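What follows is one structure encoded as structure tokens, with my remarks underneath.
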Amino acid sequence: MLQKLSLYVANICAAEDSAQIDTVLARAVQDLNFVSYNLSCGKLNPQDFMTDPDLTSWTTHELEAYDRDRWGRRDPLLQRLEGREPAAHTWCSTDWLETPYHDYSEYVHGVGIGGGVTVPLASSTGRFNAMTLLTLTPEISGDQLAATQILANVAQSRLAATGLLHAGTGSSAAAFRTLSNRQREILHWAAMGKSNAEIAVIMDQTKRGIDYHISEITRKLG
């Protein structure tokens, strides 16, 4: 998974516009066994997260139906964003059956969604930034969760770097600048499909050293 993730990260970093970023994210989401994603940044309120996304694989019809049926006022995931909970979290469609949000559980389950991941993103302006991904099954692995956090932060950073986002996402974009030249080279070779052992030979480093840098890259970008 790490090699594929590195390739997607490299492709997002090389993207020149939002359409290219969307194409990479759509492929990455599919490879991670999610069926759709929604990335929204710089929103004044959580409801705008679903009605005016910056990037999404949802169709216009799906977005309009969500807005028309006023799910934004009854969506527990948006309520959680409004609470400013910073940690990424997984959820399944049955989580709210015994709560006031039971109708949302029934709605999500009715359209075949088993669960998902919501990744809040850094904002220096107090606006709402997050990415959410949906899956057909309720089981989400730790690797999937870690990968979504990296993809979300990298995508937001690239959108900010290319001037395609509202102001206020600079803290995430700055993550790229924390990578050393060596770490950027390691990321390049990983994106080319090289294993850690192969990268160690290419760069005349120990495998243990490459393993360390890979973990640091994951930490900085995630």
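Net charge within 12 Å of residue 108 by Cβ-Cβ distance, Lys/Arg positive one each and Asp/Glu negative one each, not counting residue 108 itself? Please report the intermediate quantities before stating the final value.
Values: positive: 74; negative: 75, 95, 103, 106.
Value of the local net charge: -3.
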Over region 178-222, how many percent of alpha carbon pairs lie in each 5 Å bin up to the one with the longest distance? 5, 26, 38, 23, 7, 0
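Lys and Arg at +1, Asp and Glu at -1: add these up for the other residues within a Cβ distance under 11 Å of residue 24 and post the number. Don't skip to the end; give the middle numbers.
Numbers: positive: 27, 158; negative: 22, 31.
My count for the surroundings of residue 24 gives 0.
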If amide H atoms are modeled at 1.01 Å from N in the peptide plane, then the residues at a separation of 5 or more from residue 36, or on another chain, having amide H under 5 Å from its own are 134
Listed by chain and number, the residues whose amide H is under 5 Å from that of residue 93, excluding neighbours fewer than 5 places away on the same chain and using placed H, are 115
Using the Kirkwood radius over C-alpha pairs as Rh, can you work out the diffusion coefficient of the chain via Stokes-Einstein at 10 °C, viscosity 1.306 mPa s, in µm² per second? 88 µm²/s
With the cut-off at 1.5 for a/c, could you classify region 1-132 from its C-alpha gyration tensor as rounded, prolate or oblate? prolate
I'd like the FRET efficiency for residue 59 and residue 31, computed as 1/(1 + (r/R0)^6) with the beta carbon distance as r and R0 of 30 Å, rounded to 0.05. 0.90
What's the magnitude of the charge dipole for the chain around its Cα centre, counting Lys and Arg as +1 and Asp and Glu as -1 at the beta-carbon? Answer in Debye, nearest 20. 820 debye
Given labels modelled 7 Å from the Cα in the Cβ direction, how far is it in nm from residue 141 to residue 98? 3.1 nm
Within straight-line cross-link reach of residue 194, lysines at Cα separation under 25 Å, skipping those fewer than 8 residues along the same chain: 4, 207, 220
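FYI, it's all coordinate maths here, none of it is from the lab. Everything numeric in this text was worked out from a predicted model, so none of it was measured. A quick note on method: Cβ atoms are made from the backbone with ideal geometry, for glycine too, and the neighbour counts reach across all protein chains shown.
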